């Protein structure tokens, strides 16, 4: 099944990623169409974060390649472990306003309409009244809302979210999922790493089940079957120090 | 005396904001390390041209920039963090500096290099300090936003912009320049004092970055005035007197400021309903 190139956001060709020659993601084939809302599922160590990091160019493929139909600056990435130094004296408003970076640049000032836009976005994620608080005084959920507000202002075509609901309560999670569904309705492409299978089933039309290699990729109800989940769980997570060189033929693995 | 005062004002305006960013990046000790890294350059300049301002300044800047760039490169591209890479390069630089000085086999006026001579500032040194301060203020105004983002969320900056290395390396160069200007007035060992002590005091009082910057500059200049006066009347060296004044300001802040030792108890207000 070949789709026209223009309707694809990402194409994987025999993509193998890993650390120190040991693969974390093996021989990944497939394509993600534009406007897809894909949940990336799988046990810890399945290579989910590795895959997202590869897409933003943070680690190089050991083998194979991927093609992005989206320009690098139109990709937004929400890392799992935020590097944000919350002790730094920056207000919520300033942090969220940094989402406008691409329009304002490193040196330009914010216009009045852009200030209003930032305020409206802060209101949209439910942080009104906290604009002038230092980010260090926010709770975990509030900080995640602020990071989502920044994502909204970034206005990107492709969004890569790595476990956005880790240690976030269910009410905040529901609010943030509503934002993701908004983005989906606007035609953006979204890949989100999630562990909550029930939420994946409810909100995500497509699912990529990873366990060091693709277990299944397609419509969520067909992917998240008991048998496939069990297979994903069974994949060992330990690195075999003396693993032989992989000679699998690339074409065998097409999904 | 008037020259010394002008020198202190220039240092407070230029070096102290740099010190505050060092502090907020948790790199306070980096200033100390960098000041050692400057030594071989200044020593080479001295070897080649004697006790000349220009040669020692250029040498110091070159040595400092080389170390800062090498450390920055290693921090960005290897698994070593900035503190480790800097420690490695500054120690190499310091060792080289001591070797170079001993090659000459004669005791240069080490006290001058170590403790500076703010009361003996000549016009050339003053112009140099003022020039570096002007450059620093312009560069900070330009780099402010990338630098703030590089400090509190570097991975986001790398994602949205190519300015991350500009902010990082530009900042390191500013650190070196200001250490060299501080070293003329206060000496290599004391130059870091005027960067870090007022910055640490201001951090204890203020919550906003702009207020912190203004307060740090004010404290630095105040310490300069007090230090100079006490040095003049009590006949003690000016550099240590200035840094010691800044140290007293820091101790006072530590006891009285909201962020200090007793801040939580001193500023206790009844809590709000929500």
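List of remarks:
- Anisotropy class of the protein assembly as shown from Cα gyration tensor, a/c 1.5 cut: prolate
- Segment B:2-189: C-alpha gyration tensor shape, a/c 1.5 cut-off, then a/b vs b/c: oblate
- Counting neighbouring Cβ atoms within 10 Å and putting the fewest first, the residues B:271, A:26, B:184 line up as B:271, A:26, B:184.
- Ranked for footprinting exposure by Cβ neighbours inside 10 Å, fewest first, B:5, B:215 give B:5, B:215.
- Taking the C-alpha atoms only, the angle from helix A:170-185 to the longest principal axis of chain A is near 80 degrees.
- For a modelled paramagnetic label at residue A:222, 7 Å from Cα along Cα-to-Cβ, the residues of segment A:191-206 in reach, with backbone nitrogen under 14 Å, are A:205-206.
- Segment B:196-240 and segment A:145-189: distance between their alpha carbon centers, rounded to Å: 46
- Computed [θ] at 222 nm, deg cm²/dmol, chain A (DSSP H ≥ 4; -39,500 (n - 2.57); rounded to nearest 500): -9000 deg cm²/dmol
- Note on residue A:71 and residue B:265: the model spin-label points, each 7 Å out from Cα along the C-beta direction, lie 5.9 nm apart.
- The GNM of chain B, with springs linking C-alpha atoms under 10 angstrom apart, assigns the highest mean-square fluctuation among B:54, B:222, B:64 to B:54.
- Degrees between helix A:112-124 axis and first principal axis of chain A (Cα, 0 to 90, nearest 10): 60
- Chain B: most fluctuating residue of B:153, B:32, B:122 per GNM, C-alpha cutoff 10 Å: B:153
- Of the residues B:175, B:62, B:217, the one that moves most in a GNM of chain B with alpha-carbon contacts below 10 Å is B:62.
- Length available on full extension from residue A:123 to residue A:59: 0.36 nm per residue minus the Cα-Cα distance, which gives 19.4 nm.
- Sorted by Cβ density within 10 Å, fewest first, the residues A:119, B:81, A:48, A:53: B:81, A:119, A:53, A:48
- Using the Cβ-Cβ distance between residue A:198 and residue B:80 with R0 set to 41 Å, the FRET efficiency from 1/(1 + (r/R0)^6) comes to roughly 0.45.
- All-pairs Cα distance distribution in segment A:169-236, expressed in whole percent, bin size 5 Å: 3, 15, 25, 23, 15, 12, 5, 1
- Three-way shape call for segment B:152-274 based on the alpha-carbon gyration tensor, with the a/c threshold at 1.5: oblate
The numbers here are math on the coordinates, done by the rules we state, and not lab data. These figures come from a predicted structure and were not determined experimentally. Here the Cβ is made from the backbone with ideal geometry for all residues, glycine too, and neighbour counts use every protein chain on show.
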